[in-house]
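Since the structure comes first, as structure tokens, the remarks are kept for the end.
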Amino acid sequence: MLPPPRFNNLDGFLVPGSYAVEHLESARTLKARAGDVFVCSYPDCGTDYVLRIVYGVLNNAVEPIPDPEKVVPHVERVGKDAAERMTAKDPARLFKTHLPSKWTPYHPQAKYICVGRNPKDTSVAHFYRTREYVEGYHYENGQWDDYFELFLAGQVDFGDYFDFFLPWFTRKDEDNVLFLTYEYLADETRDAILRIARFLGDEYEDRVLEHREHRLHVIVDSLEDVKAPLVQLGDWKTLYSADQSERMLDRFHEKTKGTSAQHMWADLM
């Protein structure tokens with residue numbers, strides 16, 4: 001078995017080896033404000049897809065929509081000070097985070113858009129990214145069977161998938177939380193854009209609707225760079241063995257038992 005990916009560790013919480021622990025620690029102290037928007041997801045669940053939509057809705061006159069990595073701070077990657085500097089002149093501050101619900105800066109008048117994805121596809125996407133991001137993980141020769149065990153045990157960056165997914169999912173009925181799935185975003189993209197605009201506020205929905213076809217076209221065009229991997233649903237079948245499939249299903253049923261999430265993705269897993 002090859003060495004595991006390289007991580008940095010803060011009190012047992014893992015992040016890529018290229019992330020500074022002090023930035024992770026400072027991200028937890030960011031003061032959320034009324035009007036802030038946080039796009040929250042476990043890695044590889046459609047974060048950048050949603051960020052392009054949200055940025056396009058908040059900045060109605062901007063086109064083409066820029067790469068979120070250049071304009072939206074990933075709070076635990078850049079740290080609190082840089083995140084505040086990057087958003088200092090923004091009417092509505094927009095942040096990206098993979099932090100669990102308990103660590104995500106909270107304000108009752110901030111808005112939180114959370115994205116979930118079925119765990120089998122998530123784990124495969126997580127594996128490919130970990131191998132490809134050599135600078136962060138030094139895992140370019142990693143093998144799926146080894147990585148599956150790490151993922152199932154929660155010994156990967158940003159922790160256990162279920163420790164992220166379930167606390168956010170249970171908040172889905174809060175007024176300032178919008179929970180979406182990766183699969184819905186892929187299948188119903190235009191509907192998702194309008195739903196996100198409505199969640200952000202009547203003024204944003206009105207702006208999108210006023211120039212509906214043009215603005216939707218601008219936003220949808222911006223998604224092309226990320227849409228190809230997004231719509232490859234069911235890719236887990238290319239790597240999972242029958243035993244691994246059963247074990248992940250067992251874990252999913254164990255963790256979601258008694259919640260309204262227990263039947264999610266039944267047709268995909």
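The values are calculated or read from the model by the stated rules, or taken from the named source; none is laboratory data. This is a predicted model, so every value here is computed, not measured. Cβ sites come from the backbone with ideal geometry, for glycine too, and all protein chains shown count toward neighbours. Note: accessible area is taken over every heavy atom of the protein model, side chains too, but ligands, DNA and RNA are not part of it. Shrake-Rupley method; radii C 1.70, N 1.55, O 1.52, S 1.80 Å.
Where both partners of a DSSP beta bridge lie in the chain, what percent of those bridges are antiparallel, to the nearest 5?
Working: 4 of 19 bridges.
Just about 20 percent of them are antiparallel.
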Practice item. Please turn the phi angles of the stretch 64-70 into ³J(HN,Hα) values with the Karplus equation 6.51 cos²θ - 1.76 cosθ + 1.60 (θ = phi - 60°), one per residue in order, whole Hz, x for glycine and proline. Key: x, 6, x, 4, x, 4, 8
Review point. Just how large is the dipole of the chain about the Cα centre, in debye to the nearest 20, putting +1 at every Lys and Arg Cβ and -1 at every Asp and Glu Cβ?
Key: 600 debye
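Report the gain in length on full extension from R28 to D267: 0.36 nm times residue separation, minus Cα-Cα distance, nm rounded to one decimal. Mind showing how you got there, number by number?
Numbers: separation 239, 0.36 × 239 = 86.04 nm, distance 3.66 nm.
Residue separation times 0.36 nm, minus the Cα-Cα distance, leaves 82.4 nm.
Applying 1/(1 + (r/R0)^6) with R0 = 25 Å to the Cβ-Cβ distance of L209 and Y184, what FRET efficiency is obtained, to the nearest 0.05? Don't skip to the answer; put the middle values down first.
Values: r = 20 Å, r/R0 = 0.81.
Efficiency, rounded to the nearest 0.05: 0.80.
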Practice item. Report, ordered by chain and residue number, the aspartates and glutamates lying within cross-link reach of K255, taken as a straight Cα distance under 19 Å and ignoring same-chain residues fewer than 8 apart. Key: D121, E149, D160, D163, D243, E246, D267
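Looking at the stretch 68-168, which trypsin sites (Lys or Arg not before Pro) are in a loop (DSSP not H, G, I, E or B) and have at most 16 other Cβ atoms within 10 Å?
On the way: sites: K70, R77, K80, R85, K89, R93, K96, K102, K111, R117, K120, R129, R131; in loops: K89, R93, R117.
Answer by residue number: K89.
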Study note, to complete from the structure: Longest principal axis of the chain (C-alpha) makes with the long axis of helix 242-256 (C-alpha) an angle, in degrees to the nearest 10, of 50 degrees
Review point. Once amide H atoms are placed 1.01 Å from N in the peptide plane, what residues at a sequence separation of 5 or more from K111, or on another chain, have their amide H within under 5 Å of its amide H?
Key: G35, D36, V37, F38
Revision key, fill the gap. Per the C-alpha gyration tensor (a ≥ b ≥ c, the square roots of its eigenvalues), the stretch 155-262 is rounded if a/c is under 1.5, else prolate if a/b beats b/c, else oblate; here it's oblate
Exercise for review: Starting from the Cα-Cα distance between A153 and D191, subtract it from 0.36 nm times their residue separation and give me the gain in nm to one decimal.
Suggested key: 10.1 nm
Exercise for review: Using a Gaussian network model of the chain whose springs link C-alpha atoms within less than 10 Å, name the residue from A125, A88, A32 with the highest mean-square fluctuation.
Suggested key: A88
Check your understanding: What size of dipole, in debye to the nearest 20, comes out for the stretch 164-269 about its Cα centre when the only charges are +1 on Lys and Arg C-beta atoms and -1 on Asp and Glu C-beta atoms?
Key -> 320 debye
Review point. Can you put D206, D146 in order of accessible area, largest first, using a 1.4 Å probe?
Key: D206, D146
Review point. Between [x] 61, 44, 36; [y] 50, 46, 34; [z] 55, 41, 35, which matches Cα extents along the principal axes in Å calculated for the structure shown?
Key: [z]
Exercise for review: Using a cut-off of under 20 Å, list every residue of the stretch 74-89 whose amide N is near the label point 7 Å from the Cα of D11 along the Cα-to-beta-carbon line.
Suggested key: 75-81
Check your understanding: Spin-label point model (7 Å from Cα, Cβ direction): what's the N59 to K237 distance in nm?
Key -> 3.9 nm
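Going through the stretch 87-157, which GluC sites (Glu not before Pro) have at most 15 other Cβ atoms within 10 Å and a DSSP loop state?
On the way: sites: E132, E135, E140, E149; in loops: E140.
In loop regions of the stretch 87-157 (DSSP not H, G, I, E or B), the sparsely surrounded GluC sites (Glu not before Pro) are E140.
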Review point. Using alpha carbon centroids, what distance separates the stretch 240-257 and the stretch 185-220, in Å?
Key: 36 Å
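Whole number please: convex hull volume per residue of the Cα set in the stretch 133-205, in Å³?
Numbers: hull volume 10.5 nm³, N = 73.
Output value, Cα hull per residue: 144 Å³.
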Check your understanding: Once phi is turned into ³J(HN,Hα) by the Karplus curve 6.51 cos²θ - 1.76 cosθ + 1.60 with θ = phi - 60°, what whole-Hz value does each residue of the stretch 150-161 show in order, with x for glycine and proline?
Key -> 5, 5, 5, 7, x, 9, 10, 5, 6, x, 5, 3
Review point. What's the angle, to the nearest 10 degrees (0 to 90), between helix 47-58's Cα axis and the longest principal axis of the chain?
Key: 0 degrees
Review point. What full-extension length gain, to one decimal in nm, is calculated for A20 and K102 as 0.36 nm per residue of separation minus the Cα-Cα distance?
Key: 27.5 nm
Check your understanding: Which whole-Hz ³J(HN,Hα) couplings does the stretch 76-82 yield from phi under the Karplus relation 6.51 cos²θ - 1.76 cosθ + 1.60, θ = phi - 60°, glycine and proline marked x?
Key -> 7, 8, 9, x, 4, 4, 5
Check your understanding: How far is helix 189-200 tilted off the main Cα axis of the chain, in degrees rounded to 10, range 0 to 90?
Key -> 60 degrees
Review point. Helix-derived [θ] at 222 nm for the chain: sum -39500 (n - 2.57) over DSSP H runs of at least 4, divide by residue count, nearest 500?
Key: -13500 deg cm²/dmol
Exercise for review: For V208, V78, write out the residues from largest to smallest accessible area, computed with a 1.4 angstrom probe and no ligands counted.
Suggested key: V78, V208
Review point. Ignoring ligands, DNA and RNA, what percent of the accessible area of the stretch 71-216 is carbon or sulfur (1.4 Å)?
Key: 45 percent
Exercise for review: Could you list, in their original order, any pairs among K80/K257; K70/K257; K31/K172; K111/K237; K80/K237 whose Cα atoms are separated by more than 31 Å?
Suggested key: K80/K257; K70/K257; K111/K237; K80/K237
